[in-house]
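Asker: Handing you a structure now.
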Amino acid sequence: MSDLILHHYPSSPFSEKVRLILGAKKLAWKSVHIPMVMPKPDVLALTGGYRRTPFLQVGADIYCDTALICDVLEHRQPLPSLYPAAEKGLARIVAQWADSTLFWAAMAHNLQPKGAASMFEGMPPEALKAFAADRGAMSQGMTRLRPADATAAYKSYLRRIAHMLDQNPFLLGDAPCVADFAVYHPLWFTRERTPVMADIFHATPVVLEWMDRMAALGHGQSERLSSTDAIALARASTPAALHDEYFQDEHGIALGSHVSITAESFGPEPTEGELISATRTQFTLRRTDERAGTVHVHFPRVGFVLRAVK
Ligand SMILES: N[C@@H](CCC(=O)N[C@@H](CS)C(=O)NCC(=O)O)C(=O)O
């Protein structure tokens, strides 16, 4: 079986979500560190345009977005399951809320001037400027929460999370599920990356205790790999056969069409290629890159926009 290769960087909260799932499922993986800001030539060689962090590579298959990565890891190692049978729908809905509403409230709280100053302490001013410009361009068209509103919302969300933990050690029962991993990563960022903003947890100690249980899952067994070697590995591999042949056409776009896929928000860079699969839950594009060869790039449907390219 081909290695799992996670392209990520240590301070990325969405990457922390995946690293902990790798830990919970006791998986071995290869770790490629990628830049925090553009340019990212080695990332684009594999994804064809998508620049968000993290993404997962398995040979010549590239999986974008952590919601899809969760499904891939569940398929690879079904136990312990991310989707408890009795709470499957609820678990995914809580995860989606956490990856969007909770995440942006937490980040607006974390990165208000005091948090940003501590996080970027020691960073050269040019790097700081580049970071601000990069994230500014990524968030065009998005509504940004003001810090006071974000902090108030984050406090309410932490109380709600604490209520969920009143009866159970994890959010939806006795074991962590996809909801726990998604709720955890923005809170991890507050606690570990902007600890000067972590007073917000004082009112909900039960949340900190749950965070300790989550952190104890660890990151599985990882080994560093260079991005050059990851690209060479893609080139030497053949994309996996597509098993789910079901074609769900919502757009009037036939398989074989040249298309683009873009995130609905945050990071407008499209990936272009030939649409070779559109199942109920995901799209797959085939594209050929000078360095990576022919790769299949997979996206979830939810959160992404499919367009025909004329
Ligand atoms: N919905 C995406 C969100 C990913 C995301 O926003 N990641 C942040 C880092 S945690 C990012 O891409 N930042 C810009 C970058 O790394 O280039 C997912 O679940 O993977």
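Read the figures in this text as sums done on the coordinates, not as results from a lab. Just so we're clear, the structure is a prediction, and the values are computed from it rather than from any experiment. Please note: Cβ atoms are built from the backbone with ideal geometry, for glycine as well, and neighbour counts cover all protein chains shown.
Asker: Calculate, for residue 75 and residue 148, the FRET efficiency according to 1/(1 + (r/R0)^6) with r their C-beta to C-beta distance and R0 41 Å; round to the nearest 0.05.
Answerer: 0.45
Asker: Looking at the chain as a GNM with Cα springs under 10 Å, which of 273, 122, 136 has the largest mean-square fluctuation?
Answerer: Of 273, 122, 136, the Gaussian network model singles out 122 as fluctuating most.
Asker: Above 28 angstrom, tally the Cα pairs of the range 94-233 and express them as a % of all pairs, no decimals. Mind dumping the intermediate values first?
Answerer: On the way: 2853 of 9730 pairs.
When all Cα pairs of the range 94-233 are counted, 29 percent exceed 28 Å.
Asker: Arranged by the count of other C-beta atoms within 10 angstrom, fewest first, what order do 269, 223 take?
Answerer: Going from least to most buried by this count: 223, 269.
Asker: Given +1 on the Cβ of Lys and Arg, -1 on the Cβ of Asp and Glu, and no further charges, what dipole in debye does the chain carry about its Cα centre, rounded to the nearest 20? Write out the running numbers ahead of the final one.
Answerer: Details: 31 positive and 32 negative charges, 88 e Å.
About 420 debye.
Asker: Using alpha-carbon positions, what is the distance between the centroids of the range 94-164 and the range 169-222, in Å?
Answerer: Here the two parts' Cα centres lie 17 Å apart.
Asker: For residue 216 and residue 132, compute 0.36 nm times the residue count separating them, minus their Cα-Cα distance, and round to one decimal in nm.
Answerer: 26.9 nm
Asker: Can you give the extra length, in nm with one decimal, that the chain gains between residue 203 and residue 86 once fully stretched, where that is 0.36 nm per residue apart less the Cα-Cα distance? Please list the in-between numbers first.
Answerer: Details: separation 117, 0.36 × 117 = 42.12 nm, distance 3.09 nm.
This chain segment gains 39.0 nm when fully extended.
Asker: Quick one: check the C-alpha center-to-center distance for the range 1-59 versus the range 293-310, whole angstrom.
Answerer: 18
Asker: Which residues does the label zone of residue 114 cover in the range 187-203, counting backbone N under 12 Å from a point 7 Å along Cα→Cβ?
Answerer: Only 195-201 fall inside the zone, counting backbone N under 12 Å.
Asker: What translational diffusion coefficient, to the nearest whole µm²/s, does the range 209-310 have by Stokes-Einstein, given a Kirkwood radius computed over alpha-carbon pairs, a temperature of 10 °C and 1.306 mPa s viscosity?
Answerer: The calculation lands on 99 µm²/s.
Asker: Please tell me the relative contact order of the chain in percent, rounded to the nearest whole number, where contacts are Cα pairs under 8 Å and at least six residues apart.
Answerer: Numbers: 517 pairs, mean separation 83.0, N = 310.
Relative contact order here is 27 percent.
Asker: Report the paramagnetic label zone for residue 238: residues of the range 1-32 whose backbone N is under 16 Å from a point 7 Å from Cα along the Cα-to-Cβ axis.
Answerer: Zone members listed by number: 1-2.
Asker: Which entries in the list 129/310; 26/114; 25/129; 17/114 go over 32 Å, if you measure between the two C-alpha atoms of each? Provide the component values of the computation, followed by the final result.
Answerer: On the way: 129/310 37 Å; 26/114 37 Å; 25/129 39 Å; 17/114 25 Å.
With Cα atoms farther than 32 Å apart: 129/310; 26/114; 25/129.
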